[in-house]
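The values are calculated or read from the model by the stated rules, or taken from the named source; none is laboratory data. Only a predicted model underlies this, so the values are computations on that prediction, with no experimental measurement involved. Neighbour counts are summed over all protein chains in view; Cβ atoms, including those assigned to glycine, are modelled from backbone coordinates with ideal geometry. In case anyone asks, the SASA skips ligands and DNA or RNA and just uses the protein heavy atoms, side chains included. Shrake-Rupley method; radii C 1.70, N 1.55, O 1.52, S 1.80 Å.
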Amino acid sequence: MFKRLTPFCMLFALPILHACQSGNAAEEAARQAFTSLIPRPVEASPGEGFFTLTDSTVISADKNVPQLERLGSYLSGLLQPSTGMAIPVKAEDGSGRHRIRLMLTSDSALGQEGYFLQIADSMITLQAHQPAGIFYGIQTLRQLLPPSIEKKERQPGPWLLAAGTIRDQPAFALRGSMLDVARHFFGVADIKRYIDLLAYYKMNTLHLHLSDDQGWRIEIKKWPRLTEYGGSTQVGGGKGGFYTQEQYKEIVQYAADRFITIIPEIDMPGHTNAALASYPELNCNPKDPNPKLYTGIEVGFSTFCTTNEKVYGFVEDVVQEIAAITPGPYFHMGGDESHVTPKEEYIQFVNRVQGIINKHGKQVIGWDEIATATLLPNSIAQYWSDSTNPKRAVQQGAKLILSPAKRAYMDMQYDSTTRLGLHWAGYIEVDDAYNWDPATLVDSVGTEHMLGIVAPLWTETILNMEDIEYMVFPRLPGYAEIGWSPANGRSWDEYKQRLGRHARQMQAMDINFYRSARVAWADK
Ligand code: TNX
């Protein structure tokens, strides 16, 4: 509609200048949004015209597919605060109404997570082979709308989307982030916000680092002192905290509703001071009947007594209770930096604990050091540091998750002036975080051995959600793109333009992001 006004505006501009300008600006912004998506879609062809959300727009979904109806309500709920419109979700009836149509298709080439989006003046059609694809298509719609769509209060609009078609699906099956809730504890509300942010970038995995020297963060009913005592502090001596099993289930459900799998990690046999202090009998030589909790940030000083049968009974109970409330396929056993566990004992421990985890129906993930043991065929090594370990893992037939510290550790400082974070693996500016390719990361290990990418945030120096956001943004959108988009044609020079424009969305979502000088931020 605005488009047709353009010549008219040129002739009779003066009295209605403002309306004409905002119309044109809105159209221009919508066209730009179409080419600014993060992660970049596989194929996007712009069309002619615009779809505008109005009072008469409806969302139509096949009521025989309950997931679609739920996704329709989810979309309507996302659009409501800023548009002020309560867009109804209606049964698919084939009518010609102005609508956003959600449909499952038999096109299995779209895979588990792909979608096909067609936007025309009168209708948006979003198709996928599986519900997750509809969810990711909805994330794309959010970015195609004006950034103010993300605000929590009513905004003026207009709510235009540029016409065109997008066919899209991820490069890697597993894309996500790890959050360390052990060094500093973060409550359920923070985790939910984190999940929402991951989902916005089409990530499907949240790895929770639930135990470490400084704290144990998940209730284990058979071993209550783990949280009563072991969860009662954190780095710096603050009060710590933990999730009850009910709260953990709430997190798991919130994540599942957003197609995100939770990977629970219990780090062992090292990084276990909180557990050892809670139950001294898990030590080899329990000298002190009342061991102290640890609130510093050193690593590598603690270990379970891997030759003590009691330890395996403990591990069995912990795995059993967590596996029972974790619907996802994975259990992460840590296994990193066990510097005080004798090497042979470490290997025997890893071998045995893999069996326990499998027995409880879960697939093992461990930090790359577990590749020094004998991996079970379905075990997964998470590459963070030692580049010989991913090769060892692959030789044993295991798959890899990529979390290379030099590229993907979001606790690394951006540069020497960054107030938060560490720099033992180097400084990671926004371009360093983006400019790498899984295919060439490890010599002679191809992407066929890689499940995907998880970008960790360790929280020794991170105290609250604001700090989390500052370290995670704007690096996380780049990891999301490496995980989702084809590597072909990836370039920092092109990406930084999209990222600069994306400042508007991050602003609208109230994200406290680092304004790297290497990017021209469009909201300034
Ligand atoms: C190494 S990465 C660790 C963590 C620390 C992190 C700090 C890994 C498997 N172990 O225990 O928090 O460095 O950057």
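Residues checked against (1) open to solvent by 10 Å² or more (accessible area, probe 1.4 Å); (2) in the same structural domain as PRO486 (by TED's automatic domain parsing); (3) more than 24 Å from the chain's Cα centre (by Cα); (4) of a type outside the set (D, E, K, R):
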residue	(1), (2), (3), (4)
LEU78	yes, no, no, yes
GLY133	no, no, no, yes
LYS152	yes, no, no, no
VAL181	no, yes, no, yes
Just give me the residues in the range 444-459 being within 16 Å of the ligand (Cβ to nearest atom) and open to solvent by less than 10 Å² (accessible area, probe 1.4 Å), in sequence order. ILE453, VAL454, ALA455, PRO456, LEU457, THR459
Is one or more of the residues making up the range 85-108 of a type in the set (Val, Ile, Thr), at pLDDT below 85 and either not in a helix (DSSP H, G or I) or not assigned by TED's automatic domain parsing to the domain that holds GLY478 (or both)? no
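Taking the condition of being part of a loop (DSSP other than H, G, I, E, B), surrounded by 16 or more Cβ atoms within 10 Å (Cβ to Cβ) and within 16 Å of the ligand (Cβ to nearest atom), how many residues in the range 419-435 meet it? First the steps, then the outcome.
The initial filter retains those residues of the range 419-435 that are part of a loop (DSSP other than H, G, I, E, B), namely 419-421, 423-429, 435.
Filter once more, keeping what is surrounded by 16 or more Cβ atoms within 10 Å (Cβ to Cβ): 420-421, 425, 428-429.
With the extra rule that they be within 16 Å of the ligand (Cβ to nearest atom), the set shrinks to 420-421, 425, 428.
Total satisfying the criteria: 4.
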Scan GLN234, GLN253 and give me the residue that is open to solvent by 20 Å² or more (accessible area, probe 1.4 Å) and either at pLDDT below 95 or within 16 Å of the ligand (Cβ to nearest atom) (or both). GLN234
Any chance ARG518 is of a type in the set (Lys, Arg), assigned by TED's automatic domain parsing to the domain that holds ALA189 and touching a residue at least 60 places away in the same chain (Cβ under 8 Å): no
Taking the range 405-418 and keeping residues within 14 Å of the ligand (Cβ to nearest atom), out of contact with any Gly (no Cβ under 8 Å at 6 or more places or on another chain) and open to solvent by 20 Å² or more (accessible area, probe 1.4 Å) leaves ARG407
